[in-house]
Structure formats: C-alpha cells, structure tokens
1. Measuring from a point 7 Å past the Cα of N26 along Cα-to-C-beta, which residues in region 61-91 have an amide N at less than 14 Å?
2. Given just the C-alpha atoms of region 1-43, how large is their convex hull per residue in cubic angstrom?
3. Using only C-alpha atoms and all pairs of different ones, pull out the Kirkwood radius for region 122-190 in Å with one decimal.
4. Just in region 82-190: which GluC sites (Glu not before Pro) are loop by DSSP and have at most 14 other Cβ atoms within 10 Å?
5. Using the structure shown, select from K48/K170; K30/K59; K24/K115; K24/K76; K70/K115; K30/K115 the pairs with a Cα to Cα distance greater than 24 angstrom.
6. Going by alpha carbons, how many degrees (0 to 90, nearest 10) lie between the helix axis of 119-128 and the longest principal axis of the chain?
7. Using a ≥ b ≥ c from the Cα gyration tensor of region 57-107 (square roots of the eigenvalues), is it rounded, prolate or oblate, where a/c under 1.5 gives rounded and otherwise the larger of a/b and b/c decides, a/b for prolate?
8. Just flag the GluC sites (Glu not before Pro) in region 2-102 sitting in loop per DSSP whose Cβ has no more than 13 other Cβ atoms within 10 Å.
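Every number in this text was worked out from the coordinates using simple rules, so none of it is lab data. Model, not experiment: these values are computed from the prediction. Glycine gets a Cβ as well: all are built from the backbone with ideal geometry, and neighbour counts include every protein chain shown.
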Amino acid sequence: MTKNIAIFASGSGSNAENIIRYFKENESVKVKLVVSNRSDAFVLERAKLLGVPGVVCPKSMWVSGEEIEKLLKEYKVDLIVLAGFLLRIPDSLLHVYPNRIINIHPSLLPKYGGKGMYGDRVHEAVVTAREKESGITIHYLNEHFDEGEPIFQATCELTAEDTPEDVARKVHALEYEYYPPIIEKLLQTI
Ligand code: GAR
C-alpha cells in the first residue's frame, strides 16, 4: 500500500526538494503535499516546479490545528515530515499523529536546541562555542521544542577556521544524505 508524506517547511526548502526528488520514482511512497505557514516561502516555488501541491496555512491556523488536520486527512497523510518548519505544531495534531511527525534539527541535540534555535542561529552558536563537531538530529516531535525521542544522529568534524557558513554547508550535506533514507526506513514500520 502506498504511504503518503506531507512536508511542512517555512523557508528555502532545500531539504523538502531533496526529499521530493528522492521519492519521485518510488511506487510505494508519495510526497502528497507541501505545507508552509508563509506565502513567500521559496519552498512553494520548489514544490510547484516538482509537481507537488503547495498549501499556505497562515499562523492563525496553527492555533487549534483543526483545518490542518482536515487537510491532512483529505490527502490521506501517513507521515508528517518537518524540514525547516518554524511554528509550533498544535497538540491536537500530535495526538492525531502519534509518532508520525518527525523533525530534523541542524545540531547534535540536546546541544543547541530549543525555542529560537534554528537554521543559521544554531551554526553561529556552534562556532562561537568553538565546538569541534556538529551534526544533525532526526527525532520524533513532542510538545516541547527539540525534545522528542531521537531517531538518528550523524556527526561532522569542524576546524577552528570554519565559519557559520562552512558549518551550515557540512550540516546540510548530512541532511541531504540521511533524511530521505531515514524517512523511507520509518515508513516501512508504519
Ligand atoms: C535545515 O538545516 C533544518 O535542519 C533547519 O532549518 C534548515 C532548513 O533548510 N531546521 C531547524 O533549524 C529546525 N529547528 P532548508 O529550508 O534549506 O531545508
């Protein structure tokens, strides 16, 4: 039976694009839609070019989550994949999709996680702290930012010369390599 994915993203969407491309020819996994809270998010352009419907759900819709729940039912979504999505997911959605919502975070959680820690802010903090390594964490979502049960981590080494941009490049490379196959593996258990 086909498994359906919805990707939630707020910004550029390079991970979303990578995931869509990964499953493009897959008969049993479909990326059914991309949901963004921002109408100007570049991820919507990427989705359009790749033939995946993009839906804008403004901030007000993320309070009760009722309309979003309806939308996901309509598209028969089995797994929600967060890829650079910055709003809080309503508790009601967590209850409807228990262990069916995953996130990727651009650090080795629990380091450099929590509210306000996202994207380049994470890499800047890592460089300021002179960390010798960084990486990615793929985890289930719970009601606390970046605290859900970890599924997978991968590490990259840093040098003393690395700028936040260098760290971002290394971390993005790990995200592109590992997020799609981890999603694929997870879907086999659903
Ligand atoms: C990714 O690095 C992702 O790990 C991060 O935002 C970036 C989105 O890039 N997510 C978070 O920081 C969540 N706390 P993209 O839009 O190019 O995929």
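1. Within reach of a label on N26, which here means backbone N under 14 Å from a point 7 Å along Cα→Cβ, region 61-91 contributes 78-82.
2. 53
3. 13.2
4. Here the sparse-neighbourhood loop sites are E143, E161.
5. K48/K170; K30/K59; K24/K115; K70/K115; K30/K115
6. It works out to around 20 degrees.
7. Oblate is the answer for region 57-107, as a/c is 1.5 or above yet b/c matches or exceeds a/b.
8. Loop-located and lightly packed - E25, E27.
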